[in-house]
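Read the structure below first, then the notes.
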Amino acid sequence: MCQALLRMDTTNPPGNERICADYLAAQLAEVGYTPTLLEAVPGRTNLVVRHRGRGTLPPLLLTAHLDVVEADASKWRRPPFSGEEYEGCLWGRGAIDMKNMASMCTAIMRRLARTGATLERDVIFAAVADEEAGCDLGSRFLVEQHRSLVEAEYAIGESGGFSLHLGDTTFYPVQVAEKGFCWVRARITGEPGHGSMPRQDSVITQLGEALAKIGRTQLPVHATRYVEQFLDAVRAQQPALLQPLVKLVARPQLLARITRLLPGVSVARGFSALLSNTAAATVVRAGNKTNVIPGLAEFEIDGRTLPGQTDEDLLRELRAVLGDGVELEVMKSCPPVVTEPVASPVYDAITRAIGAREPDAVVVPYMIPGFTDAKYFTQTGARWYGFSPVKIERGTGIKFADMFHGHDERVPVAGLVWGTEVLDTVVREVASGHRDPARDQPSAP
Ligand SMILES: [Zn+2]
């Protein structure tokens, strides 16, 4: 199923998720389900299917998005929509983000139907469109227009569950928080003039200075529980590796620089984004005639906020960097997502399912700097766990974090099978409302 999905081009835009949704609908219908297909816009299909439990506990929601980001085939070692099996992996855009999860969830739903599982909770699977372009036609549409279909107590989706090898230890991060976003328009106004008589205070010059300030300034560090929990867990396993870091946690301004130096930490690039609000200038507009000094210059800032930080907090930090000459206005924003408390039947089940297969591995909560469908699915009150498990063997050179939207995206076949078994165990344990020790034992695929 994963291979079939990888062969379907659902690059967003335009998305065209219908091909994947139709395929999965057929897979689900084959075992007796009647999946619901829903579109906010023709071709941008969402699929929702439900395995009925006894209803003594609220539902568990599984989610995956069907769209992918673009791929430049000339930079790939295997064609990005081939689904080719090569070097033990399935290759293709979406292999880990996240057609792997879509196929694992479908396999689990099929198995629930075929085994006639009687569960306390309904298990819902929502395969959605449009995550990569902001979720409007996917999770947001479902939550706003078809809320009752996707309401749940717990949700499992993007992103986490991959093997992260640090030093001698393997970690499995589970996403329990994600930053918010706050997109800001910045405006500089000044005296227009003729291009033949330059002026030092032109809005163009001010624009250049403002962009340089935004680009070169690290916003203040704010410690969050999510980063501290992650570091605590890593530190408990890897005192030597993290000793220099531990000493510097008290001096957070150095933290970002130090994490970049840690050996083998491919997540370090993203890690510094977890220490502060961030602001990236992304769009610039000013002037339209070569001989006219404009009176207005604008730029847009992609701002991201930490849990505990508001839009107003970010604006205050931006004003401190940019000064009074730049007027700031929030265009669109969404607050951070946090799962409180982290401990739950889902987190416990994940810990046990991993522990039964890899006793030395460590499950850690973590936060991501970007956003996922969690933004909308949690608006129904669901508690979100980013966990689409895939085992990546040590020494394969495959770095999970680098493949997200990167070249040569691929999923190890054995790791995909492993992930399906782990997720199946978690789903059954959570949905049955009790722990079945027999299912802690890994079974042959
Ligand atoms: Zn994704």
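The values are calculated or read from the model by the stated rules, or taken from the named source; none is laboratory data. Treat the numbers as computed from the prediction; the structure is a model and nothing was measured. Heads up, the Cβs are rebuilt from the backbone with ideal geometry, glycines too, and the neighbour counts pull from every protein chain shown.
Going through region 117-141 one residue at a time, which ones are surrounded by 24 or more Cβ atoms within 10 Å (Cβ to Cβ) and more than 25 Å from residue 390 (Cβ to Cβ)? Of everything in region 117-141, just one residue is surrounded by 24 or more Cβ atoms within 10 Å (Cβ to Cβ) and more than 25 Å from residue 390 (Cβ to Cβ), namely 137.
Annotation for region 105-116: at least one member residue is buried (at least 24 other Cβ atoms within 10 Å of the Cβ), polar (S, T, N, Q), touching a strand residue (DSSP E or B) at 6+ places or on another chain (Cβ under 9 Å) and more than 30 Å from residue 314 (Cβ to Cβ).
Pairs are defined by a Cβ separation below 9 Å, a sequence spacing of at least 6 or placement on different chains, a first member in region 141-167 that is closer than 24 Å to residue 347 by Cβ and acidic (Asp, Glu), and a second member that is assigned to a helix (DSSP H, G or I) and within 16 Å of the ligand (Cβ to nearest atom); the pairs so defined are 158/101; 158/131; 158/374.
One residue stands out in region 196-233 among those that are modelled with pLDDT under 95, among the charged types (D, E, K, R) and more than 21 Å from the chain's Cα centre (by Cα): the one that is surrounded by the fewest Cβ atoms within 10 Å (Cβ to Cβ), namely 216. Taking the criterion of being touching a residue at least 24 places away in the same chain (Cβ under 8 Å), of a type outside the set (A, V, I, L, M, F, W, C) and assigned to a loop (DSSP other than H, G, I, E, B), the residues of region 274-288 that qualify are 277, 287.
The strands (runs of 3 or more DSSP E) falling completely within region 45-129 that include 2 or more residues that are more than 16 Å from residue 31 (Cβ to Cβ) and either touching an Asp or Glu at 6+ places or on another chain (Cβ under 6 Å) or not assigned by TED's automatic domain parsing to the domain that holds residue 21 (or both) map to 60-65. With the condition kept exactly as written, say whether any residue in region 387-397 is within 30 Å of residue 55 (Cβ to Cβ) and among the basic types (Lys, Arg). Looking through region 387-397, none of the residues is within 30 Å of residue 55 (Cβ to Cβ) and among the basic types (Lys, Arg). Remark: residue 94 falls outside the filter, which requires a residue to be more than 14 Å from the ligand (Cβ to nearest atom) and among the small types (Gly, Ala, Ser). Taking the numbered list (1) crowded, with 18+ Cβ neighbours inside 10 Å; (2) under 29 Å from residue 73 (Cα atoms) in turn, residue 417 passes all entries but (1).
The selection criterion, being among the basic types (Lys, Arg), in a loop (DSSP other than H, G, I, E, B), outside the structural domain of residue 100 (by TED's automatic domain parsing) and surrounded by fewer than 24 Cβ atoms within 10 Å (Cβ to Cβ), does not hold for residue 187. If you go through region 36-53 and keep only what is surrounded by fewer than 19 Cβ atoms within 10 Å (Cβ to Cβ) and either at pLDDT below 95 or more than 20 Å from residue 135 (Cα to Cα) (or both), you end up with just 52.
Return the pairs, sorted by first residue and then second, in which the second residue is of a type in the set (D, E, K, R) and crowded, with 22+ Cβ neighbours inside 10 Å, the first residue lies in region 179-202 and is under 30 Å from residue 373 (Cβ atoms), the beta carbons are less than 6 Å apart, and the residues are 6+ apart or on different chains. Qualifying pairs under 6 Å: 179/304; 181/304. The residues of region 136-189 that are at positive phi and within 16 Å of the ligand (Cβ to nearest atom), listed by number, are 160, 161. Here the strands (runs of 3 or more DSSP E) wholly within region 336-445 that include at least 3 residues being closer than 30 Å to residue 303 by Cβ are 362-368, 383-386. Being among the polar types (S, T, N, Q) and outside any loop (DSSP other than H, G, I, E, B), is that true of even one residue in region 14-22? No: region 14-22 contains no residue that is among the polar types (S, T, N, Q) and outside any loop (DSSP other than H, G, I, E, B).
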